[in-house]
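What follows is a single structure, written as structure tokens, with notes after it.
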């Protein structure tokens with residue numbers, strides 16, 4: 001007999017028919033007359049109720065079916081008497097696949113996220129993390145579908161690299177050298193004997209290689225892991241995280257802002273349309289304003305605001321008595337997430353696309369405006385998150401780009417392949433980067449970035 | 001005026017209307033009466049013909065538009081007189097975005113793939129690599145769509161890991177220690193000072209972590225980069241490659257074979273349906289039997305054959321005079337790609353799912369048959385490729401799994417989190433792994449795996 005997934009069984013109204021469901025026990029209530037087993041197979045946050053007549057089964061066997069056990073049930077699909085579900089299963093045959101000993105770490109309800117982080121391999125079986133990772137899946141699907149439907153090509157940039165995209169990131173080194181031996185023969189590391197014959201690291205961004213794709217295929221996006229060896233133990237930082245980086249030939253600043261807004265609204269709308277049950281659960285358990293926040297982002301036009309206007313608003317807020325933890329130092333300063341959230345949550349009460357930042361606080365590849373001091377950046381600022389997208393038009397002039405690289409004390413020869421896109425048939429182009437986990441934080445309402453990736457990598461922690 | 005992508009312009013029959021196309025010059029033929037510019041923007045393998053009246057433009061400017069230059073064209077869409085395209089553009093305005101100097105490495109036609117590999121950042125602009133990477137994109141989309149439609153969740157397993165999935169892979173070490181200093185203070189590497197506080201490496205497979213997902217969410221798939229620090233300089237090996245690894249709770253061997261066959265046929269059919277122009281080009285230029293091979297894979301039922309039957313066929317072939325490069329050593333031997341291809345290409349003339357391999361030549365986590373010497377493996381063997389999918393039912397018994405780990409001289413405590421899936425509510429489950437680049441090799445007809453990933457990582461080579 002073919003198994004029916006619980007997500008399908010719950011909406012099936014073909015009452016009286018035989019059905020086979022399999023899954024893990026979420027709870028088991030016994031009485032003399034009847035046993036109720038709430039069964040979940042990961043296909044939905046909802047459990048199906050399995051109704052067992054205890055007189056038909058061995059008492060010890062029934063007693064052994066505790067929370068976390070895995071069972072196989074054959075029975076009759078019947079109309080549910082309870083609220084909130086159409087159907088339940090009247091059990092006829094019951095097979096135990098795997099019992100669950102009493103030391104099962106996920107047995108109790110209401111355990112803290114901090115506790116559950118220690119059992120990242122088992123927290124996946126809880127309601128909250130099931131919801132989070134089904135939503136994470138849906139966001140990945142929305143991203144691929146959006147770009148595919150808009151003629152972008154998925155482009156796999158390398159993870160191991162000999163270059164440093166931002167010229168500044170703290171990187172993990174990748175090596176096959178024996179660390180017990182490398183330093184012995186003097187300060188010179190024998191890279192000629194390393195796997196790649198030179199020093200290599202894990203990428204901090206696929207953008208530069210993505211531009212190589214965009215200036216050939218027209219429009220590409222990356223979607224893959226990136227790495228930062230920053231010693232930051234905060235709820236916002238991971239050493240290994242996933243990035244989405246579209247790059248588009250022939251795109252200007254206006255079109256880039258349109259793309260950013262349309263894209264992220266599409267993702268949020270997808271969640272609202274496709275993750276109803278999971279969002280409802282998170283709205284109830286994690287953040288009572290979650291669904292309302294998501295809906296408002298989809299509905300509102302994003303504010304488009306220059307950095308200079310933003311600074312003026314923040315300065316006025318200070319004059320009007322608003323206290324910021326990080327001081328507003330005036331034009332030229334880097335905004336913190338606190339400042340970004342003030343603009344979004346308190347001042348405008350909707351998302352903001354901030355543009356035309358000072359060049360000095362942004363990366364070398366961004367296109368400068370005619371004023372010589374601002375650049376065509378287009379960052380999207382979101383409620384609860386702050387910067388969720390960082391974008392810009394890219395500098396397409398070979399000479400200007402080489403000049404900027406030199407001004408910053410970087411070495412143009414290290415970027416020869418990147419500069420070749422400007423040397424041979426250069427084109428205006430633009431792109432942005434979105435941290436996938438920040439999107440998931442926003443869409444799920446979770447507070448800690450370690451709770452929206454299955455197995456977080458952070459300082460001193462690389463379990464599993 | 002809004003730009004029209006060339007893929008759309010070529011099928012547009014709205015003749016007489018104004019149109020704006022942008023792209024890179026593939027060729028420029030001049031005569032006194034008329035200039036023809038073949039323009040490509042990466043959206044399709046086909047070029048649009050831009051017809052220029054040289055008397056309307058500056059002669060020097062026109063002369064400077066050489067192969068590889070990037071231009072912006074406004075003109076009238078007119079019906080094409082030539083064969084093979086509906087439309088062309090009668091040029092009215094012409095703007096040069098970027099010229100292309102005479103030393104452009106992709107200027108000549110018919111350059112070898114080996115030569116182009118040295119310019120991986122520019123080969124993307126050629127017909128062949130445009131076709132390959134559009135198809136690669138389409139295969140990624142097909143994979144996500146297939147799994148999403150079938151209720152699998154995309155599950156991101158970690159790249160940096162302290163475990164070794166197969167217990168045998170050669171791994172890249174990941175570190176923030178200063179290699180010039182590590183060996184100086186003696187043989188002890190100070191891992192307490194390393195970023196993660198212990199020795200970490202790049203993953204060779206996401207399967208074990210994937211099983212953690214499957215035994216919670218029911219059905220998951222990974223699709224991400226994996227790494228092997230093997231010193232193999234062959235057309236089949238990469239140090240960094242992409243893998244797809246679905247894992248499914250409650251799946252048995254028969255269902256696993258059905259999934260493998262259905263999945264890979266779906267991908268190949270997707271290419272035939274969605275990549276017609278690119279496949280036609282590759283069929284003409286790379287492999288004249290390409291489309292026919294793809295079509296036959298989609299049409300034929302795969303042969304399902306035990307390893308033991310396979311060995312018998314190979315032994316008979318030897319008795320009948322067939323010469324293999326690698327000898328047939330009888331039951332217990334590992335098959336080479338040559339043997340797999342003989343079964344597929346010469347004996348059965350269709351794909352084979354080979355099952356029930358000797359346990360000794362397969363990984364520790366595979367479920368043993370009752371005979372105690374074979375296991376429930378289900379590898380898919382393909383023409384031209386050999387093994388394209390490696391799958392198996394997973395051992396769900398805690399005791400048997402611990403026994404197998406010990407027998408192989410591995411340390412059960414290193415796998416405690418993996419063993420927990422068998423300790424707490426264990427369930428029968430199965431899964432497979434597909435090397436993404438092997439699929440792309442098959443679907444494109446390309447011969448060298450370095451030509452189906454944008455920036456290949458191989459021994460002594462990590463450019464870009």
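All of the numbers you see were taken from the coordinates with simple rules; none came from a lab. Note that the structure is a prediction, hence the values are computed from the model and not measured. Cβ placement follows ideal geometry from the backbone for every residue including glycine, while neighbour counts extend to all protein chains displayed.
A viscosity of 0.890 mPa s and a temperature of 25 °C, combined with the Kirkwood radius over C-alpha pairs in the Stokes-Einstein formula, give the stretch A:385-454 a diffusion coefficient of 166 µm²/s.
Shortest first, residue A:258 label-point distances to identical copies amount to 4.7 nm, with the label point at 7 Å from Cα along Cα→Cβ. Cβ-Cβ distance of residue B:414 and residue A:1, R₀ of 30 Å, FRET efficiency by 1/(1 + (r/R0)^6): the value works out to about 0.15.
Would you work out if the stretch A:6-98 is rounded, prolate or oblate? Take a ≥ b ≥ c from the square roots of the eigenvalues of the alpha-carbon gyration tensor; rounded if a/c is under 1.5, else prolate when a/b is larger than b/c, oblate otherwise. Taking the square roots of the gyration eigenvalues as a ≥ b ≥ c, the stretch A:6-98 is prolate. To the nearest whole percent, what portion of all C-alpha pairs in the stretch B:59-105 is separated by more than 15 angstrom? So the portion of pairs separated by more than 15 Å is 56 percent.
Given a cut-off of 16 Å, what percent of all Cα-Cα pairs of the stretch B:23-64 lie beyond it? Beyond 16 Å sits 34 percent of the P(r) for the stretch B:23-64.
Once you divide the Cα radius of gyration of the stretch A:361-423 by 2.2 N^0.38 Å, the number left is 1.27. Ranked by the mean number of other Cβ atoms within 10 Å of their residues, highest first, the peptides B:230-239, A:316-325 fall in the order B:230-239, A:316-325. Mean partner shielding of peptide A:328-336, defined as the number of other chain Cβ atoms within 10 Å of each residue Cβ, is 0. Inter-chain neighbour count for A:452-458: the average number of beta-carbon atoms from partner chains within 10 Å of each residue's beta-carbon is 5. Semi-axes of the equivalent ellipsoid for chain A, computed as √(5λ) from the eigenvalues of its C-alpha gyration tensor and ordered from largest down, come to 49, 28, 21 Å. The shape of the protein assembly as shown can be summarised by an equivalent ellipsoid whose semi-axes, obtained from the alpha carbon gyration tensor, come to 46, 36, 29 Å from longest to shortest.
Protection proxy ranking of B:396-404, B:66-74, A:131-139, by the mean of other Cβ atoms within 10 Å over each peptide's residues and highest first, is A:131-139, B:66-74, B:396-404.
Residue and distance for the chain B Cβ closest to the axis that moves B onto A, in whole Å, come to B:183, 2.
Placing a label point 7 Å from Cα along the Cα-to-Cβ direction at residue A:82 gives distances to the equivalent points in the other copies of 6.9 nm, listed shortest first. Ellipticity at 222 nm from helices only: DSSP H runs of n ≥ 4 in the protein assembly as shown, each -39500 (n - 2.57), divided by the residue count, give -9000 deg cm²/dmol. Using the 7 Å Cα-to-Cβ label point, sort the distances from residue B:323 to its equivalents in the other copies shortest first and give them in nm to one decimal. When each copy's label point is compared with this one, the spacings are 8.9 nm.
Modelled this way, with points 7 Å down the Cα-to-C-beta line, the labels at residue A:369 and residue B:85 are 4.0 nm from one another.
With the simple model of a label 7 Å out from the Cα in the direction of the Cβ, residue B:27 to residue A:93 spans 6.8 nm.
One decimal place: the segment residue A:320-residue A:304 gains 3.4 nm when fully extended, by the rule 0.36 nm per residue minus the C-alpha distance. Suppose R0 equals 25 Å; then what is the FRET efficiency for residue A:109 and residue A:272 from their Cβ-Cβ distance, rounded to the nearest 0.05? With R0 = 25 Å, the Cβ-Cβ based efficiency is 0.35.
Across every pair of non-identical alpha carbons in the stretch A:414-464, the mean reciprocal distance, once inverted, gives a Kirkwood radius of 14.6 Å.
If you sort the three axes of the alpha carbon gyration tensor as a ≥ b ≥ c, you get a/c of 1.5 or more for the stretch A:164-286 and a/b no higher than b/c, which makes it oblate. Set the Förster distance to 25 Å, then compute FRET efficiency between residue A:345 and residue A:118 from the Cβ-Cβ distance, nearest 0.05. Step by step, r from the Cβ atoms, then E = 0.15.
When the Cα gyration tensor is reduced to axis lengths a ≥ b ≥ c, the ratio a/c is 1.5 or higher for the stretch B:90-236, and with a/b not above b/c it is classed as oblate. Note on B:191-198: average number of Cβ atoms from other chains within 10 Å of each residue's Cβ is 5. Scoring A:293-302, B:302-311 by mean Cβ neighbours within 10 Å over their residues and listing the highest first yields B:302-311, A:293-302.
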